[in-house]
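Undergrad: Let me give you the structure first, and then I'll get to my questions.
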Amino acid sequence: MTDIREPLLSAWRGRDPFDVLWSLEGEEFRRVKSRRTFRFEVCGEGFFAKVHRGVGYREIAKNLLMFKLPVVGAANEYRALTLLKELAIPTMEIAAFGCRGVNPAKRDSFLVTRELKAMKSLEDISLEWRTRPPEPALRFLLIRRLAESAGAMHRGGINHRDCYLCHYLCDLADPRKTLYVIDLHRAQCRKRVPRRYLVKDVAGLLFSAMDKGIGRRDVFRFIRYYSGRPLKEEWRRNAAFYRAVAVTAEKLFRKEFGVNPPVWF
């Protein structure tokens, strides 16, 4: 299966896209035995490519023994990006996708997305808040957009599995513009996301924000817009869920930094 869009369709016409991508030179961000991630340009436009070779039986067996679903190619991210577009959730734009081979251990695949130019992650933005607190209006807007994006994604049947502030981008020149969710390599798509994966995603966001100067009111504001309900009503319905989120985020924080999270939490 291939899904090649312009301008790559014209640029690669008559050539095997798998051969093209494995031979292309560009700025590399990751290269391991089974995967290569890099940036390249075509017709003056920037693109990011993730090219996967078969992961092998050993890698699949290792994941299954650890009760994890193995990621065997680019199809997960392609499905997630397609569904996000249907849900009108801003994300990366697909430029090309390809998959060949029936055996998951030997399957080759690729995903190419258009470059999101002049972007800055919410993690980088929030790090600046320690010494230079933002205008309240901007702070509230970014929290609201983050919460609405995550909530719509979860209600639409997608869980990210690497849901951290670094995977949400906004315009470097004007953070008030659109917020984009990126890097859905391990994302899963279902009719309904299981509770434990919802907890994991929301806890990832809280964990990555805990040392960035946010407070209780920021968390409550997030809950309100994540759920789409008044805070009191949502807390009455799902207090146990948010307590599970808090416990998971605390564990992540202690594992990462070796200390307890901030006292307010």
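The values are calculated or read from the model by the stated rules, or taken from the named source; none is laboratory data. Keep in mind the model is a prediction, meaning the values are calculated, not measured. Cβ: placed from backbone, ideal geometry, glycine included. Neighbour counts: every protein chain shown. The protein model used for the area step is the full one, side chains on, heavy atoms only, and it has no ligands, DNA or RNA in it. Shrake-Rupley method; radii C 1.70, N 1.55, O 1.52, S 1.80 Å.
Undergrad: Against the longest principal axis of the chain, how steep is helix 136-155, in degrees 0 to 90 to the nearest 10, with axes from Cα atoms?
TA: 60
Undergrad: Now for a separate question. Listed here are the pairs 120/200; 33/191; 33/251; 177/232; 120/212; 33/177; which of them are more than 27 Å apart at the Cα? Display every interim value, and only then the final one.
TA: Working: 120/200 24 Å; 33/191 33 Å; 33/251 32 Å; 177/232 29 Å; 120/212 16 Å; 33/177 38 Å.
Violating the 27 Å limit, Cα to Cα: 33/191; 33/251; 177/232; 33/177.
Undergrad: Just the accessible area per residue of region 103-178, please: how many Å² with a 1.4 Å probe?
TA: On the way: 3450 Å² over 76 residues.
With all protein chains present, region 103-178 gives 45 Å² per residue.
Undergrad: If you wrap a convex hull around the alpha carbons of region 66-168, what volume per residue comes out, as a whole number of Å³? Mind dumping the intermediate values first?
TA: On the way: hull volume 14.6 nm³, N = 103.
Taking only Cα atoms, region 66-168 has a hull volume of 142 Å³ per residue.
Undergrad: Nearest 10 degrees is fine. How inclined is helix 195-209 to the longest principal axis of the chain, computing both from alpha carbons?
TA: 80
Undergrad: With the cut-off at 1.5 for a/c, could you classify region 172-265 from its C-alpha gyration tensor as rounded, prolate or oblate?
TA: Values: a/c = 1.14, a/b = 1.04, b/c = 1.09.
Cα axes put region 172-265 in the rounded bin.
Undergrad: Mind listing which trypsin sites (Lys or Arg not before Pro) in region 111-149 are in a DSSP loop and have 10 or fewer other Cβ atoms within 10 Å?
TA: Details: sites: 114, 117, 120, 130, 139, 144, 145; in loops: 117, 130.
When the trypsin sites (Lys or Arg not before Pro) of region 111-149 are filtered for loop state and at most 10 Cβ neighbours within 10 Å, 117, 130 remain.
Undergrad: Quick check for you: with a 1.4 Å probe and neighbouring chains kept, what is the accessible area per residue of region 199-265, in Å²?
TA: Details: 3840 Å² over 67 residues.
Per residue, region 199-265 has 57 Å² of solvent-accessible surface.
Undergrad: Now for a different question. What ratio of Cα Rg to 2.2 N^0.38 Å holds for the chain? Kindly include the intermediate steps, with their values, before the conclusion.
TA: Details: Rg = 19.7 Å, N = 265, 2.2 N^0.38 = 18.3 Å.
Output field value: 1.07.
Undergrad: Here's another thing I want to ask about it. Would you mind telling me the share, in percent, of accessible area of the chain contributed by carbon and sulfur at probe 1.4 angstrom?
TA: On the way: 7850 of 14490 Å².
After summing per-atom areas, the C and S share lands at 54 percent.
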